[in-house]
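Working notes, beginning with the structure itself.
What follows draws every value from the coordinates through simple rules; no lab data is involved. Only a predicted model underlies this, so the values are computations on that prediction, with no experimental measurement involved. So basically every Cβ, Gly included, is an ideal-geometry build from the backbone, and we count neighbours across all protein chains shown.
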Amino acid sequence: MDPSSAASAAPLIRCATPEDAPALARLRFVFRMEQAGHPSSHEDEAAFIARCTDWMATRLADPHRWRCWVAARDGEPVGHVWVQFVDKLPNPLELPERIAYLTNFYVKPDARGGTGSHLLAACLDGCHEAGVERVILWPTAASRSIYLRHGFAPPDDLLELTLGRAWHG
């Protein structure tokens, strides 16, 4: 199959399980190295994958806090998107009490061309089913357009404070 037809074939989208953690950790390493270009220093690949696998397996064991959707072709993960669910304080009014933080959205370059849209749609369906009021994220300049196509918009009611390592209050 040529790459253009592989990219156009709909991937299998499913929720990740703890058993997916090693493959997802490898994808995370590739994703971050791709974003960083050629960094002069970074954690050893094997050490990172071991540490990340443990972290991911623990989070995937509790789908009420974290969830990950995987896009797979021929049984191999080609993309993923993670969501952390954040419960708000209980409210006596009929208002939603849960938000979601979307992060680590990545599709391998040779699988792009629709896979990201399938992944994001599955993720947003899952958030809706989980009773999420709103989904927040920090997009890169390159990823902004996919979020805008799926209905995201800049908020007018959210503030952010970036605390640096030297924060002393």
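Say each of residue 74 and residue 34 gets a label point 7 Å from the Cα, pointing the same way as Cα to Cβ; how far apart are those two points in nm? Calculated label separation equals 1.7 nm. Under the simplified labelling scheme, the residue 42-residue 87 pair shows an inter-label distance of 3.7 nm, with each label point 7 Å from Cα along Cα→Cβ. Ordered by the count of other Cβ atoms within 10 Å of each Cβ, fewest first, 106, 101 give 101, 106. Annotation: the antiparallel percentage among DSSP beta bridges lying fully within the chain is about 85. Backbone geometry of segment 46-55 corresponds, through the Karplus equation with coefficients 6.51, -1.76 and 1.60 at θ = phi - 60°, to 3J(HN,Hα) couplings of 5, 5, 4, 4, 5, 5, 5, 4, 4, 4 Hz, x marking Gly and Pro. A protection proxy built from the mean count of other Cβ atoms within 10 Å ranks the segments 20-27, 91-98, 143-150, most packed first, as 20-27, 143-150, 91-98.
Average the reciprocal distances over every distinct pair of alpha-carbons in segment 90-163, invert the result, and give the Kirkwood radius in Å. Mind dumping the intermediate values first?
On the way: mean 1/r = 0.0707 Å⁻¹.
Value: 14.1 Å, from the Cα pair sum.
In the chain, the DSSP-assigned H stretches of four residues or longer account for a calculated mean residue ellipticity at 222 nm of -11000 deg cm²/dmol, using -39500 (n - 2.57) per stretch and the full residue count as denominator. Relative to the compact-globule estimate of 2.2 N^0.38 Å, the Cα radius of gyration of the chain comes out at 1.12. The relative contact order of the chain comes to 21 percent, based on Cα pairs under 8 Å that sit 6 or more residues apart.
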